[in-house]
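Participant: Right, I'll just put the structure down here and ask away after.
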């Protein structure tokens, strides 16, 4: 599949695109990264995290003007994360890093590599999020996960105007709060 | 800009320096604003973390599916490559001119591929408890026996025609072409939106069952529709006649 196509699918949160990236580059990434470590389980973790970083940065529009190939970006991210891991665990230090991720991208990398799963409060949020209606979950996921602007949600979902989306979103957040409150009280 | 719009713009990444400064000011001075912003940040964080977990599970399942092994690449010398192309071309035309019509089984194998899930994009976060999600996840993951079970369960709950269409594709995957034909006919009788696709799959099912006349009839419909698989249908029809 071509990069543009793959990117477009990733931006729609298409799981098949994630599978393609994984399948397409796994062998090559392991080969590429084996010069830094032969710890296969570390490489697997880093590879998976790098795809997630690629995915989240694609959703944030960071790859819209990508100058390199997807593969270069993915491998660069993986390498960056691997070195970060070495630095954090003070095992080995490599100095041949050559990356130019901006602040946002680095924050995503940091966030993904330090992700230890949802906190108790977030679990509560998620459990109640599931109890929201389809429409609510959809609009909130489009906004918070797919990073669509209210305008874009309006166009994509065929709402009449931006204010309808805005109040829909605000209603859904209120329902979520109510559900949590009822559960706690 | 009201506070709600300010928060929305904050998440949309559409704030300039002044906007960001205003957010910082309100966070420090307006407890209600701070609470609302943190609530939404926590929600976004929770949704992201959950999605990451799902993606990792997806990767784990891929890892188990097939142990990755390096692909062997044979490099042919140019003259050898040219010779092999000539051989393939020669063989191809020999087969073409000598065997007449192609074997329906071969035509089927060359042309069948499961239809993409276009009715229920699996995009949402965590709704795996949802029956429809589970059915289509199984379908997309090529777990056809499971998909069939879930589709028939789904069919009892909600009688949407497309369930029959996808059940038919699953039947084809499992080699139950008689059942596929029945499901496709029933789908077409309900005038489903994927009717032209149904013609194509019906043609392939008949092909596999050796009912060539019926297959040709469906192929002609596909060709007449001039869109989905029209070229492929023309090729099969040519090969059959």
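The values are calculated or read from the model by the stated rules, or taken from the named source; none is laboratory data. Worth saying up front: this structure is predicted, and the values here are computed from it rather than measured. Cβ sites come from the backbone with ideal geometry, for glycine too, and all protein chains shown count toward neighbours.
Participant: Mind checking which helices (runs of 4 or more DSSP H) fall wholly inside region B:159-241 and carry at least 2 residues that are within 23 Å of residue B:147 (Cα to Cα)?
Facilitator: On the way: elements: B:161-173, B:177-189, B:195-209, B:212-225, B:230-240.
Once the helices (runs of 4 or more DSSP H) in region B:159-241 are filtered for at least 2 residues that are within 23 Å of residue B:147 (Cα to Cα), what remains is B:161-173, B:177-189, B:195-209.
Participant: So, one more: Of everything in region B:1-19, what is away from chain A (no Cβ under 13 Å) and without any contact (Cβ under 8 Å) to a residue 12 or more places away in the chain? Give them in sequence order.
Facilitator: B:16, B:17, B:18
Participant: Identify all residues within region A:141-170 that are within 20 Å of residue A:58 (Cβ to Cβ), at the interface with another protein chain (Cβ under 10 Å from one of its Cβ atoms) and crowded, with 18+ Cβ neighbours inside 10 Å; write none if there are none.
Facilitator: Answer for region A:141-170, where residues must be within 20 Å of residue A:58 (Cβ to Cβ), at the interface with another protein chain (Cβ under 10 Å from one of its Cβ atoms) and crowded, with 18+ Cβ neighbours inside 10 Å: A:141, A:142, A:143, A:144, A:145, A:147, A:148, A:149.
Participant: Out of all the residues in region A:13-29, is one or more assigned to a loop (DSSP other than H, G, I, E, B) and within 12 Å of another protein chain (Cβ to nearest Cβ)? First the steps, then the outcome.
Facilitator: Within region A:13-29, the subset assigned to a loop (DSSP other than H, G, I, E, B) is A:13-14.
Pick out the ones that are also within 12 Å of another protein chain (Cβ to nearest Cβ) and you get A:13-14.
For region A:13-29, residues assigned to a loop (DSSP other than H, G, I, E, B) and within 12 Å of another protein chain (Cβ to nearest Cβ): present.
Participant: Just give me the residues in region A:121-137 being under 25 Å from residue A:57 (Cα atoms) and buried (at least 18 other Cβ atoms within 10 Å of the Cβ), in sequence order.
Facilitator: Answer for region A:121-137, where residues must be under 25 Å from residue A:57 (Cα atoms) and buried (at least 18 other Cβ atoms within 10 Å of the Cβ): A:122, A:125, A:129, A:136, A:137.
Participant: So which helices (runs of 4 or more DSSP H) stay within region A:66-174 end to end and still have 2 or more residues that are closer than 19 Å to residue B:55 by Cα? Outline the logic, then answer.
Facilitator: On the way: elements: A:70-89, A:103-113, A:120-129, A:134-144, A:150-157.
Result: A:70-89, A:103-113, A:120-129, A:134-144.
Participant: Filter region B:178-202 down to the residues that are crowded, with 21+ Cβ neighbours inside 10 Å and in contact (Cβ under 8 Å) with a residue 24 or more places away in the chain and list them by number.
Facilitator: Listed by number, the residues that qualify are B:180, B:181, B:187, B:197, B:198, B:199, B:200, B:201.
Participant: Out of (1) at the interface with another protein chain (Cβ under 10 Å from one of its Cβ atoms); (2) surrounded by 18 or more Cβ atoms within 10 Å (Cβ to Cβ); (3) touching a residue at least 60 places away in the same chain (Cβ under 8 Å), what's the single condition that is false for residue A:113?
Facilitator: Only one criterion is unmet by residue A:113, namely (1).
Participant: Something else: Across region A:34-48, what is the number of residues that are under 13 Å from residue A:80 (Cα atoms), more than 17 Å from the chain's Cα centre (by Cα) and assigned to a helix (DSSP H, G or I)?
Facilitator: So the answer is 1.
Participant: Checking the conditions here, which among A:163, A:184 is closer than 14 Å to residue B:8 by Cα and at pLDDT below 95?
Facilitator: Working: A:184 fails: closer than 14 Å to residue B:8 by Cα.
Just a single option satisfies the conditions, and that option is A:163.
Participant: Of B:60, B:65, which residue is at pLDDT below 90, surrounded by 11 or more Cβ atoms within 10 Å (Cβ to Cβ) and out of contact with any helix residue (DSSP H, G or I) (no Cβ under 6 Å at 6 or more places or on another chain)?
Facilitator: Just one listed residue meets the conditions, B:65.
Participant: Test residue A:103 against the stated conditions and say whether it is over 25 Å from residue B:133 (Cα atoms), touching a helix residue (DSSP H, G or I) at 6+ places or on another chain (Cβ under 7 Å) and modelled with pLDDT under 90.
Facilitator: So residue A:103 does not fit the description; no.
Participant: Among B:38, B:23, which is the only one that is at pLDDT 95 or above and over 30 Å from residue A:48 (Cβ atoms)?
Facilitator: Matching residue, one of B:38, B:23: B:23.
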